[in-house]
Amino acid sequence: PPDKRVILEASGLSKRFGGLLANDDVSLSLGTETGKVTSVIGPNGAGKSTFFKMLAGFCTPTTGKVRLFGEDITGLNPHKISARGLVRTFQETTIFPELTALEHVALARQLSRSANDFQVFANTLSARRDEDRMRADALEILRFLDLDGVASSVAKTLPHGYLRLLGIAMGMAASPKVLLLDEPYAGLNPDETDRAVELTRKIAASGVSILLVEHDMKAVMKISDHIHVLYFGKKIAEGTPEEIRNNEQVIEAYLGK
Ligand code: ADP
Ligand code: MG
């Protein structure tokens, strides 16, 4: 029987888009130790986002299986998967210009606790009754991420770097056990990147396992406990940052000299 202690295990995941094999028999395990940062790297088009989408239920694998704490979650919808603790962060498309940062986090929390649209509605009503507690929960998440300073700012006034962090805060609102971050540092300046890397570390240190796709190799090498490399849909290597940095095949395919 599958080991319930294994946090996340993808086995033999493939995804075909017509004639293109975007993922070809990709396997990855997060093992049993919580709070680690695991990265997936590779050139553009290697299949990293497709892999994440399959894990989180946004796209159905052509073949293969995903297990979360030993339970088969392959093909479940994103909402069900998120309710079991595997959460993909919100993208900027899920940001509402007129709502405050606090409202975004409170909304994400309500959505994560609702099984369907009717329940979203019911929860929104009860949340109104429970507004103080909802606000307190949301504020606590913002505080943890050092974002409480912008809690009452409306999204349209926030700089790009903050919107990125707000997306992570909305992911945290779902109380994840595993958090998937797809290029969270894209478009950030070096200071913002440093800050976002620190926050990623802080989230991991709180016991959340992080799975990260990121092009900023300096950040990846600094933050990762373990790295997997995708190349044309196939996994070509995995190891510690040190091992990956010195892997000839990875240098040739991706890192360069
Ligand atoms: P990465 O995130 O590593 O840049 P992606 O997973 O986004 O790569 O894409 C891998 C390959 O799959 C690319 O060639 C891309 O064009 C293709 N692809 C991704 N999504 C779709 C889709 N919905 N339909 C057809 N092709 C897709
Ligand atoms: Mg991508």
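In summary, Glu9 fulfils each of the numbered conditions (1) away from ligand 1 (no atom under 16 Å from the Cβ); (2) closer than 24 Å to Leu163 by Cα with the single exception of condition (2). Here Glu98 fulfils each of the conditions (1) assigned to a helix (DSSP H, G or I); (2) modelled with pLDDT of 85 or more apart from (1). Looking at this structure, is Leu21 under 23 Å from Glu214 (Cα atoms), more than 14 Å from the chain's Cα centre (by Cα) and surrounded by 15 or more Cβ atoms within 10 Å (Cβ to Cβ)? Judged against the criteria, Leu21 is a match. Looking across the range 10-26, the residues that are touching a Gly at 6+ places or on another chain (Cβ under 7 Å) and under 18 Å from Gly45 (Cα atoms) come down to Leu13, Ser14, Leu21, Ala22, Asn23, Asp24, Asp25.
Restricting attention to the range 225-257, the residues that are part of a strand (DSSP E or B) and among the basic types (Lys, Arg) total 2.
Here Leu30 passes the criteria (1) more than 16 Å from ligand 2 (Cβ to nearest atom); (2) closer than 30 Å to Arg133 by Cα; (3) touching a residue at least 60 places away in the same chain (Cβ under 8 Å) except the one numbered (2). Looking across Ala186, Ala196, Ala253, one residue alone is hydrophobic (A, V, I, L, M, F, W, C), modelled with pLDDT under 95 and crowded, with 21+ Cβ neighbours inside 10 Å. It is Ala196.
Rundown of residues vs (1) in a strand (DSSP E or B); (2) under 22 Å from Ala253 (Cβ atoms); (3) in contact with a His (Cβ under 9 Å, 6 or more places away or on another chain); (4) assigned by TED's automatic domain parsing to the domain that holds Ile244, yes/no style:
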residue	(1), (2), (3), (4)
Pro2	no, no, no, yes
Glu9	yes, no, no, yes
Gly35	no, no, no, yes
Gly45	no, yes, no, yes
Cys59	no, no, no, yes
Gly64	yes, no, no, yes
Arg67	yes, no, no, yes
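Determine whether Leu86 is surrounded by 14 or more Cβ atoms within 10 Å (Cβ to Cβ), more than 26 Å from Glu214 (Cβ to Cβ) and modelled with pLDDT of 95 or more. So Leu86 fails the test.
The values are calculated or read from the model by the stated rules, or taken from the named source; none is laboratory data. All values reported here derive from a predicted model rather than from experimental measurement. Cβ coordinates were reconstructed from backbone atoms using ideal geometry, including for glycine residues, and neighbour counts include every protein chain displayed.
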